[in-house]
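Below is one structure, written out as structure tokens; comments come after it.
Only the coordinates and a few stated rules stand behind these numbers; no lab work does. As the structure is a computational prediction, the values presented were derived from the model and not from experiment. Using ideal geometry, Cβ is built from the backbone for each residue, glycine included, and neighbour counts are taken over all protein chains shown.
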Amino acid sequence: MKVINDNSCGWINDLIPRHNIKSLVKKKVECDWLIVGAGYTGLSAARKLGQLYPNEKVILVDAQSAGEGASGRNSGYLVDTTLNDGFTSNKEIENYKKKTDIYALGINCVKNFIKEYQVDCDWNECGKYFASSKPKDKKILNNFSATLSNLGFEHNLLEEKELSNRLGTSFYNIALYTKGGILLHPGKLVRSMINALPNSVELYENSSLLSWSSTKDYISCDFNNGKITTKKIIFATNGFLKSLGIKENYNFPITLTASITRQLTDEEFNTMGQPKEWGVLPVRPMGATIRMTKDKRILIRNTAEVHDPLNMPEKILKKRSKIQMIGIKKRFPYLSDDIIQSTWSGIVSRTRNSSQIFEKIKENIFVAGCYNGSGIGVGTLFGEQIAIKASGENSTEIETIEKRRRPTLLPSEPFLNFGIKTRLLYERLRAKSEI
Ligand SMILES: Cc1cc2nc3c(=O)[nH]c(=O)nc-3n(C[C@H](O)[C@H](O)[C@H](O)COP(=O)(O)OP(=O)(O)OC[C@H]3O[C@@H](n4cnc5c(N)ncnc54)[C@H](O)[C@@H]3O)c2cc1C
């Protein structure tokens, strides 16, 4: 198994290239703790373990460069709420509350991290918009508004004129603005987590776990370039959990692609009315996530598909870029056709009922992942907390996490693949106007 990322991610390319990247070279290494996957989850778990056990051997490995999976490639929305159509019954509101309790802990966790390590990641507490071009989506937003009111989330509905003034486009007809929620630079955030790793943590990159097996006392892991035997292991490979046989009947990978434009010229920005930084999430699930960044670039993500998670060929990426250009032109028709500067893909993990995985799967074997597209805060939180759980300790955060609904069993193949593809197609058609 070889994970190959494209090297065209706009966020990652904003960063200064890293040096001193080490790979596993020794034939055989032993350690107390092994963490597989160096995204938000794995980096947070490693940081926590390094703090808890400065005298134990903690190893963190990644198949590619650390932080260059989904964690460095996402849209940068640190969310407090997500739109779930029609949470009306008490039971559903209760479940939604459990979900938002976890989001709140996630936001806190990232906030504490950036405060402690003095991180600059373009943090902006500007809230976010759930927006639609379709007047009839007002019904969905009214339902959502009732749920948010019920749970005390500050929000308001905005229509045509006020909305277009704020966003600089008259594409949208209606939006629900939530005050909570942060926009940030995901590449800068994950890079700061790499920099914050305690000295005692050994990081090996370009080292892909191929297979693993366990006995009562240790876990044996075979990599493309060596072997590690560990007393305890944490799997933090998110979209690649299934390919490693972890909770494989409960999660599946989805490939997302995103594009970012060059910086807008003053003239272009003036035509828009010089909007402040904003982030829009779609009302219909397959619509576009679109952001005006702090430095006047437009980011768009409007595809989600079942694809080989290991690699997306350039030819296919170019096609996705064209779909993203259509999305940009719909909102800003006067921008030139070549304004997109980079397009990239990334892998997320989904479960059937949008619940996350956080558990001990066997003696000494732990897993955290499956954030269903909202992993900046929850991944950071779950990483720290799975390290605590693996240490045999408890925390109030773990108690909150454990209250969530558990992921439900997926249908077996070929029904699963057929089901996902049909659902994505249905959602795509439903959101056709919103890409
Ligand atoms: C385009 C896009 C937009 C998104 N937008 C948002 C957003 O706005 N807000 C939000 O909260 N979330 C968003 N997400 C989701 C978010 O990025 C993820 O939930 C989050 O990054 C998960 O973090 P992680 O550390 O668990 O996984 P990852 O960042 O995916 O890290 C897992 C790591 O495991 C490594 N790995 C995999 N297999 C192996 C192996 N066999 N051996 C060794 N290492 C391995 C990978 O190389 C990878 O680096 C988006 C994702 C994408 C792709």
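For the chain, the alpha carbon positions stretch 64, 48, 47 Å along the principal axes, listed from largest to smallest.
Note on Lys161/Asp295: beta-carbon distance plugged into 1/(1 + (r/R0)^6) with R0 of 25 Å gives a FRET efficiency of 0.40.
Helix 314-331 and the long axis of the chain differ in direction by around 30°, with both axes built from C-alpha atoms. Multiplying the residue separation of Glu267 and Asn353 by 0.36 nm and removing their Cα-Cα distance gives an extension gain of 26.4 nm. Here segment 18-148 yields Rg over Rh of 1.09, to two decimals, using C-alpha coordinates and the Kirkwood radius. Pairs of Lys residues in segment 229-301 are counted when their Cα atoms are under 30 angstrom apart and they lie 8 or more places apart or on different chains; the count is 6. With R₀ set to 22 Å, the beta-carbon distance separating Asp101 from Ser149 gives a calculated FRET efficiency near 0.80.
Compactness check for segment 145-263: Cα Rg over 2.2 N^0.38 Å is 1.67. Remark: spin-label model distance Leu409-Asp222 equals 3.0 nm, labels positioned 7 Å along the Cα→Cβ axis. Evaluated on segment 331-386, the Kirkwood hydrodynamic radius is 14.2 Å, with distances taken between all distinct Cα atoms. Relative contact order for segment 36-146: 26 percent, from Cα pairs under 8 Å spaced at least 6 residues apart, divided by residue count. Based on Cα contacts under 8 Å between residues 6+ apart, the chain shows a relative contact order of 25 percent.
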